[in-house]
Amino acid sequence: MNSSDQNRKSFSIIERYLPYFLIAPALSYLLFFIGYPLTQGIILAFTDSRGHFTLAHINYLLYSPQSLFYAALKNTLMLAAVIIPIQVMIALGLSLLLSSSFVGRDLALYIVIIPLTISDVAGGLIWYSMLSTNGFFNKFLMAAGLIHSPIHFFGYQYRAMEFLAIVLAEVWRATAIVFVIIFAGLQMISREYIEAAEVFGASTWVKLRHIIFPMLKPSLQSALLIRTLFAFQVFGVVMVLAGRDIPVLAGEAYYEQTELYHYGVAALYAIIIAAISVIIGYIYIKMFKAQYIREVGAG
Amino acid sequence: MSRTEIGGRPPLRYYLSKILFAGIVLIACSWILLPIVISALYAFSTPKDFYSPKEVIPLHYTFANIKELLDLGAARATMNSVIVACMTVVFSFILGLPAGYAFARFAFKGKDSLKLLIIGLRMFPMLVIAVPLVTLYIRLGLNDTLLGVALAHTTMALPFVILITSSIFVSVPIELEEAAFVFGLDRTQTFLRITLPLALPGLTAAAIFTFIMSWNEVFMAAVLTLTNRTLPAFILTSAMAAPDFIKFAASFIMILPALIFVFIARKYLISMWGITIR
Amino acid sequence: MVDVRLVGLVKRFGKTVALRGIDLDVRDGEFVVLLGPSGCGKTTTLRIVAGLEKPDEGHVFFGDREVTYLPPKDRNVSMVFQSYAVWPHMKVKDNIAFPLRIRKVPEDEVQRRVKWAAELLQIETLLERYPHQLSGGQRQRVAVARAIVIEPDVLLMDEPLSNLDALLRVKMRSELKKLQRRIGVTTIYVTHDQVEAMTMGDRIAVMNAGKIMQVGTPEDIYLRPANIFVGGFVGSPQMNFFDATVTEKDGKLILEGPGFSIPLMEDQVSVLKDYVGKTVIAGIRPEHMFPKDLAPPKLKGVEITGDIDFVEALGSDTIIHLRVGEKILVIKVSGSHHYKIGSKLTVVFDLSKLHVFRKDSGEAII
Amino acid sequence: MRLSRNTRKAISKAAAGVIVAIIVIVIAAGVGYWYYTTQQRGPTKIIWASTQLVPPEEQSFVKGTLLADFKKKTGIDVEFVGMSYSQMITRITSEEQAGKVTISLIGDLHGDLDMMASKGYLMDLSKFGTLPGRTFPKVLMNYAKLHGIQAYIPWMTATYVMVINKKAFKYLPPGLTEEDVIKGTSKWTYDALLAWAKNLYEKTGKKLLGFPAGPHGLFVRFLHGYLYPAFTGAQVKNFDSPDAVKMWQYLKKLWQYVNPASTTWDAMADPLLKGQVWIAWDHTARIKDAIEQEPNQFVVVPVPQGPKGRGFILVVAGLAIPKNAPNPKAAWKLIDYLTQPSTQVEVLKKTGFFPTVQEASKSIPSGALKVLAEGVNAQLNAPNALVAMIPSLGSKSGDFKSIYITAFRRIVLQGEDIQKVLSELGPQLMKLFKETGAPLPPPDSG
């Protein structure tokens, strides 16, 4: 059956390769726009202006008195270490709170996730309006007679307070991301598990400790990892609230690139951020893959 | 459990816990809303009220701050941001929609690996590509162009668009498509006349999401442009030396579209974010 | 209208083989039911006929035309989906008119045909509604109306009644069958519900594990199952099976079962002669066994006594679980009767209704 | 994502349609606008790139007032493009090297124009003849003759001065009079400033001295153009010297009485108006607002002098036309317009940049500007003047600033050992000049 064979051939080429045709443009775009800059970044990081191999950028990064690499690394890690636990705790609390039904729950839900759409720059500015010397916080406390001169949150000499301001702004802005992950995870736990525990007389704490937490573990893990990933990209909030007073990795990349024109050093920062993220991402993917396979297997 | 509790009036503890619960929810909501409201009020406050330590909440309002900010260059920057965001939406949908559809509708070799790759790329810190991209862009004449920023933003948005659209297409029952096949449509017609109309609300929400993503992005925009600043890049580089109330006007302009879009797409927000960050 | 011929269909999904060689002829205007448990390949077969899947091997003919690799749109088939697949963004009338409009039927003809189909399914009043304003049964009618409006060569139905509640299902069963008679369209109907299959099908193709086990009229399937699978799958409660050895005793052939023995009738003896000394599987339907007091007077049967293990009173029928040695026999008695659990009961079974299958292949011997 | 009936209703098809329509319209408008701004440059539209008058308020004045007026008079449409210094250098360099010049007029500081002229990027403006009706001071014209050509036309000058809230005069330290400060006598020294700030702190309990040391502030100019020349006689070459050590020791002492919010301030007008500081140093343009709002409250005074003299920066901005500019004639017309006395007075009024033509200087109206102008004049004419110019290091100017700021942060704010910091950073500073080949700026070179 000749015509049938021919039909079959044309059919299979289109139908078999159609998904690849559909995916190819997006994938090649991504690979080019990530692969090319990464390669270019590595070249930039290790060559001088004439294209010769050099370690000058690395030396600058590590040893130049102008370089704030160690401070940036330290601050980035410290910000992550302080912010993430607070966010996870608040998000967990809010998720538990908002997973019960009450009048106005939907409204509360929307309000809690509003910060998802607020950019880091805007978030920083919003908190600047709260905390600046003429901001709401200081004016409020002064009007209430609790303080007589404003509390300074900004300025190189108040770096501890700047740090606090960044923490506040980031907790305010980015807790919603953690919240959404944990909340979604909580929604997936069948109510029957919890009700079963209730029927058997479990107290709230026992329910939390022995039913909800263990089942929420995957969500918590992925929330933690994603927040950690984002933490290494923290930029806008810090730039708005502290400028370079509190150097962070992305901020230094920006500064070296646009103010000092040290393209090689900026590229090094980029590579470092990418490398850290890839490592965290790898852990995430491994974990996700296990979960994905479990889900597919179960479904 | 004492016997009196059964069937009788709820104990005092019940009311107390209700009040406590409402209190916590109220605090949580005001923790989010208060800073937004305050910064918006300050954005319209007269400088005199803002500088006066007595006016905790400003009493006199003016559009002068917004106007001044717009005169300073924010008008152009806002326009630029809108252009970049729209281009990003268009590019990432042109590229991402077919891929999302393929992931939703086809079984093919390597699908899982490709999907994991996309999930992985979504986690990649896209801002790092901006730094080396400058060199390429200078060569291509894309440096300091809105197109260049949009291309970089597309890279950032594309994995999200693929994953979101894929899950939207999955939610359109495949039988609706098959019915169309059976009744005489080919794949393209089916996509255009059945799948697309059904996915449209979801896709609109996804487009809004992409728009906001680009609208909010600052690092790449600041690195890749010099004069054609987008709004966040403009604020970061130019508006920071301006008086405070001008900065608040800037933050107001920045969050306004976000708030409007949240309202439009509010039903989708949680599920969408759930998909993109799970 | 055409006849449909399936030749040697094989379909693999990755490593699993869904179809292992399906051959089936559906005659013009015939109502054929594909019956089988879930995962047997019946839906895959239907989808291959529709063109939604392509077989890895084999051919599909509509009349003389090979359609194996034609896309669905070029086949002039219709389909009613399990979930109805009524497009939610179109009004009922547009749903029904859609296939016609695709075919560029003139608009006045479209209106006429939509009206015809709507009347046929009694949904004239629903035409202006959107699907989400309809109940499940109404949506089902819309799906059927949409399927028949184009006067397809072949009408395919994939478990169309499975999402309806029991009462509605019974009602729709007869309606669908009547409708099919009236328009005379060649129909392939997939279901896992044997009652549906028995009541609706002109012929039934029983499928299992990617193969057709038997094709025949409902009567054939019920009375003369071709193999142990068909015997077990059709009929409720399930046919009683037990291993038995064919032995010769006093010149007569006896089926030696677990705790009882059955003398064979003459016509049976002639077939089973070759199996002397071998183990076979004997089967008897629950409705072909009777408590001794209720047995038809002329019944030539074998008596077996056991302990009543359990009784299901269904009102119209009574199901008795009788323990005979290690084995539980299920007996269905029409009417309502009282039996005491634990008491002894002697049942007679209709020797003429005995089925015997080969132990190795499961094929029917008698 | 489940598309339930409710959620589908939530965004009705109509809403989705409207949004799509809006997006399409916006895209169309945007693309049109983009096309218009990038492609459709008519023959009479010229680009004026400037590193000056870039802050938003000044830009809106340039675009809304100056250029609108210019267009009315000449019909020439000008697009003003504000840039940072490094952006300007990069842009001019790349455009000149590629031979595709889009910029018709450059407004930049002396140092950068010097560098552009040395690379041969600038037209000789003498060929356009003279500008009638205005006289440029000889000093400025001499600065503008670079590498054998008339590289630019002096456009504006500016400097950094001190502003005193008159309330502060009540707390003058012994031995210092109001007169000394206003005239800038030899008693008005950095030590006197320290004593004054200390006195203010002790009497009022507040740190009332302030500097714009915020992330976008110009405090770095105070370090290299004021303190260094005043204490070491040079901006750069004595960076790591015993005199420099003394200078940093002084600054550490002074900083005890400096308002710690200084590190947040980018411009001093706000803190002065809010009364957070009574003594401030900043660029004239960045304090103008305060004096304008309350001209009777503030007085502009020369900066104090140090052991080596009264170091201060004179900023000269010039207008230049790049070689191969698309429309040099229109650019020259714009230069003509911008240097007219009336325009220059307008610029002074709005921005605080001082005129370069003598005819304009004479017609400054009384009031806030007079206060400023008097202060600036007093500084220029004060004894022991040590004029410093900002060096032109092109893309390395960021590094230059970063070195002084780093030194300040480490020594003053973090209390690191002065000598250690200076000997670490000194070589970095010298390397910048060696790498770029830029000459040491005055007063080092003088």
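If you place +1 on the Cβ of every Lys and Arg, -1 on the Cβ of every Asp and Glu, and leave all else neutral, what size is the dipole of chain A about its Cα centre, to the nearest 20 Debye?
Result for chain A is approximately 460 debye, rounded to the nearest 20.
Would you tally the net charge around B:Phe108, using a Cβ to Cβ cut-off of less than 14 Å, leaving B:Phe108 out, and scoring K and R as +1, D and E as -1?
Working: positive: A:Arg16, B:Arg105, B:Lys109, B:Lys111, B:Lys115; negative: A:Glu15, B:Asp112.
Residues near B:Phe108 contribute +3 overall.
Determine Rg/Rh for chain D; Rg is computed over alpha-carbon atoms and Rh is the Kirkwood hydrodynamic estimate from the same atoms.
Ratio value, two decimals: 1.04.
Between the stretch D:152-224 and the stretch B:177-222, how far is it from one alpha carbon centroid to the other, in angstrom?
Here the two parts' Cα centres lie 63 Å apart.
Would you mind computing, in nm to one decimal, how far apart the modelled labels at C:Ser316 and B:Gln189 are, each placed 7 Å from Cα along Cα→Cβ?
4.6 nm
Residues of the stretch C:197-211 with the amide nitrogen closer than 20 Å to a label point 7 Å from the Cα of C:Phe241, along Cα-to-Cβ, please.
C:205-211, by backbone N distance to the label point.
Is there a pair in B:Lys54/D:Lys350; D:Lys252/D:Lys308; A:Lys139/D:Lys349 whose C-alpha atoms are over 24 Å apart, and which pairs would that be?
B:Lys54/D:Lys350; A:Lys139/D:Lys349
State the Kirkwood hydrodynamic radius of the stretch A:169-249 in Å, one decimal place, computed from all pairs of distinct Cα atoms.
Radius from the Kirkwood sum: 14.9 Å.
Ranking B:Trp215, A:Trp172 by Cβ neighbours within 10 Å, fewest first, what do you get?
Least to most surrounded, the residues fall as A:Trp172, B:Trp215.
In debye, nearest 20: dipole of the protein assembly as shown around its Cα centre with unit charges on the Cβ of K, R (+) and D, E (-)? Let's see the in-between values first.
Details: 140 positive and 109 negative charges, 333 e Å.
Computed about the Cα centre, the dipole is about 1600 debye.
Below 12 angstrom from the Cβ of C:Asn208, what's the summed charge of the other residues (Lys, Arg +1; Asp, Glu -1)?
Residues close to C:Asn208 contribute a combined charge of +3.
Count the net charge of all other residues whose Cβ sits under 13 Å from the Cβ of D:Gly437, scoring Lys and Arg as +1 and Asp and Glu as -1.
+2
Please sort by residue number the trypsin sites (Lys or Arg not before Pro) in the stretch A:11-75 whose DSSP state is loop and whose Cβ has at most 12 other Cβ atoms within 10 Å.
Sparse-neighbourhood loop trypsin sites (Lys or Arg not before Pro): A:Arg50.
Of the listed peptides D:58-68, A:139-149, what is their order by residue-averaged count of other C-beta atoms within 10 Å, with the highest listed first? Provide the component values of the computation, followed by the final result.
Values: D:58-68: 17.9, A:139-149: 12.5.
Output ranking for D:58-68, A:139-149: D:58-68, A:139-149.
Apply 1/(1 + (r/R0)^6) to the Cβ-Cβ distance of D:His147 and D:Ser186, taking R0 = 51 Å, and write down the FRET efficiency to the nearest 0.05.
0.85
If you filter the stretch C:61-106 for trypsin sites (Lys or Arg not before Pro), then keep DSSP loop positions with at most 15 other Cβ within 10 Å, what is left?
When the trypsin sites (Lys or Arg not before Pro) of the stretch C:61-106 are filtered for loop state and at most 15 Cβ neighbours within 10 Å, C:Arg103, C:Lys104 remain.
Over all residues in D:74-82, what is the mean tally of Cβ atoms on other chains that come within 10 Å of each residue's Cβ?
Mean inter-chain Cβ contacts per residue within 10 Å come to 1.
Averaged over every viewing direction, what's the projected area of the C-alpha convex hull for chain C? Give it in nm², one decimal, please.
Values: hull surface 88.5 nm².
Across all orientations, chain C yields a mean hull projection of 22.1 nm².
In the protein assembly as shown, if the dipole is taken from +1 on Lys/Arg beta carbons and -1 on Asp/Glu beta carbons about the Cα centre, which of A:Val278, D:Val303, B:Ala102 is farthest to the positive end?
Result: D:Val303, furthest along the dipole toward the positive end.
Restricting to DSSP H runs of at least four residues, report the calculated mean residue ellipticity at 222 nm for chain C, -39500 (n - 2.57) per run over all residues, nearest 500 deg cm²/dmol.
Calculated from helices alone, the mean residue ellipticity at 222 nm is -7500 deg cm²/dmol.
Per the helix-only calculation at 222 nm, which mean residue ellipticity applies to chain D, given -39500 (n - 2.57) for every DSSP H run of n ≥ 4 and division by its residues, nearest 500 deg cm²/dmol?
-14000 deg cm²/dmol
Can you give the percent of C-alpha pairs in the stretch B:66-277 whose distance is more than 28 Å?
36 percent
By how many degrees, 0 to 90 and rounded to 10, does the Cα axis of helix D:13-39 deviate from the longest principal axis of chain D?
Orientation of helix D:13-39: about 70 degrees from the principal axis.
Considering just Cα atoms, how many Å³ per residue does the convex hull of the protein assembly as shown enclose?
In the protein assembly as shown, the Cα hull volume divided by residue count equals 246 Å³.
Provide the FRET efficiency to the nearest 0.05 for the C:Lys104-B:Leu259 pair, computing r from the beta carbons and using R0 = 41 Å.
Step by step, r from the Cβ atoms, then E = 0.30.
Need one number: % antiparallel among DSSP beta bridges in the protein assembly as shown, to the nearest 5.
Restricted to the protein assembly as shown, the bridges split so that about 70 percent are antiparallel.
Kindly flag which residue pairs out of D:Lys203/D:Lys253; B:Lys111/C:Lys54; D:Lys237/D:Lys434; D:Lys138/D:Lys434; D:Lys198/D:Lys237 have an alpha-carbon separation exceeding 23 Å in this structure.
Long pairs (Cα-Cα over 23 Å): D:Lys138/D:Lys434; D:Lys198/D:Lys237.
Can you tell me which aspartates and glutamates have their Cα less than 17 Å from the Cα of C:Lys252? Leave out same-chain residues fewer than eight positions away.
C:Glu266, C:Asp267, C:Asp274
Considering the stretch D:133-283, what Rg and Dmax in Å follow from its alpha-carbon atoms?
When restricted to Cα atoms, the stretch D:133-283 yields Rg and Dmax of 17.9, 58 Å.
So what's the back-of-envelope 222 nm ellipticity for chain B, counting only DSSP H runs of four-plus at -39500 (n - 2.57) apiece and dividing by all residues, rounded to 500?
-24000 deg cm²/dmol
Take peptide B:132-138, look around each residue's Cβ out to 10 angstrom, count Cβ atoms belonging to other protein chains, and average those counts.
Whole-number average of other-chain Cβ neighbours for B:132-138 is 6.
For chain A, state the average projected area of the convex hull of the C-alpha atoms over all orientations, rounded to one decimal in nm².
Reported value for the Cα convex hull: 26.3 nm².
No value in this document is a laboratory result; all are computed from the given coordinates. In this text the structure is predicted, and so the values were computed from the model without any measurement. No Cβ is skipped: glycine too gets one built from the backbone with ideal geometry, and neighbour counts run over all protein chains shown.
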